[in-house]
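S.K.: Just dropping this structure here.
Read the figures in this text as sums done on the coordinates, not as results from a lab. Everything numeric here is computed off the predicted structure, so don't read it as measured data. Don't worry about glycine lacking a Cβ; one is built from the backbone with ideal geometry, like all the others, and counts go over all protein chains shown.
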Ligand code: HMG
Ligand code: MG
């Protein structure tokens, strides 16, 4: 039996990866309250929004307003996704106190997805990010990379670990400090996950990688467990399982934060997050969106409390 990590880090990406996919426009006040509730629940890392083109993702067009009005707790990392220099400049045109602590750049392990998502090739996307990461380094802003389609692509199908390693190497070259291995489509299974993770672990250290699993096929918590077995202890998840990627049709949201917390709590792995508050937040945002939460654990606990 491999020894599992004693502590794990959860990055709640619900406000960004989750809400970016909502058809109904969500007022900035709700997004701000969501981030504030996550902060209150003890999350140490929250992906707040993205500075992408409003023509491509209108839902995120209020990024600056949201960043300006969230209540920041010292020590918590508030990150934003940026697709290019224009996005970076927008993220840093406000007074310094409102800047993100971390930016997330993203590249795919599949050429076809790269074209659909950001309208350029993988290599072009890396070159596009080079000036972004250079500026972030000068400003002392942390740089995280999301490596999309690491376990499969909606357009191309299979993705080989070599392709994943190639993108990880290119990310390292431009100064990306941490890589999230992303199952954009949510088709991955544990052995596949381990192969993709291993490919990235040839390039990055254990504490520099995380798992970012969409839960389309219900495999995400199994994939989290597979990563724990490798010693990986950082995961992106979405409160209430919000979301999906607008350019991965049919893919559902990230694995629900409540489900990952339930798994980690059951394994005795510490996160510093208040499970009850996380569940309440998931139920609250789902109520606002007018649907049931996509969290098995969150819904089960809520039903039990109501009984
Ligand atoms: P493009 O059309 O090739 O770029 O889009 P462009 O440079 O020709 O710009 C087009 C227009 O957008 C111009 O405006 C620009 O000014 C504007 P116009 O002159 O037509 O009025 N523009 C911007 N405006 C605001 N902020 C910006 C920005 N950039 C350009 N940053 C581009 C290229 C990358 C901009 C576009 O494709 C884009 O924004 N894509 C974002 C796609 C996206 O957000 N996808 C979802 C996030 S990724 C994800 O969810 C995956 C992840 O979760 C991991 C996983 O699960 O795999 C991270
Ligand atoms: Mg995602």
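S.K.: At residue 3 and residue 40, where each label point lies 7 Å from the Cα along Cα→Cβ, what is the point-to-point distance in nanometres?
M.R.: 3.9
S.K.: Rounded to the nearest Å, what's the spacing between the alpha carbon centres of the stretch 1-58 and the stretch 260-285? Just the number, please.
M.R.: Between the Cα centres of the stretch 1-58 and the stretch 260-285 lies a distance of 15 Å.
S.K.: Another one. For labels at residue 86 and residue 191 in the simple 7 Å Cα→Cβ model, what's the distance in nm?
M.R.: With each label placed 7 Å out from Cα toward Cβ, I get 4.5 nm.
S.K.: Taking a virtual spin label 7 Å from the Cα of residue 267 along the C-beta vector, which residues in the stretch 191-211 bring their backbone nitrogen under 13 Å of it?
M.R.: Hits in the stretch 191-211 for residue 267 at 13 Å: 194, 211.
S.K.: Next up: On full extension of the chain, what length is gained from residue 277 through residue 130, given 0.36 nm per residue of separation minus the C-alpha to C-alpha distance?
M.R.: Answer, rounded to one decimal: 49.0 nm.
S.K.: I've got another one for you. Top mean-square fluctuation among 59, 177, 138, Gaussian network model of the chain, C-alpha springs under 10 Å?
M.R.: Between 59, 177, 138, it is 138 that shows the largest mean-square fluctuation.
S.K.: Among DSSP bridges having both ends in the stretch 78-306, what percentage is antiparallel? Round to the nearest 5.
M.R.: Within the stretch 78-306, antiparallel bridges account for around 10 percent of the total.
S.K.: With a 10 Å Cβ neighbour count serving as the proxy for reagent exposure, in which order, fewest first, do 128, 16 appear?
M.R.: 128, 16
S.K.: Evaluate the relative contact order of the chain (contact order divided by residue number), counting alpha-carbon pairs under 8 angstrom at least 6 apart; express in whole percent.
M.R.: 20
S.K.: What is the fewest-to-most order of 212, 45 by other Cβ atoms lying within 10 Å of their Cβ?
M.R.: 45, 212
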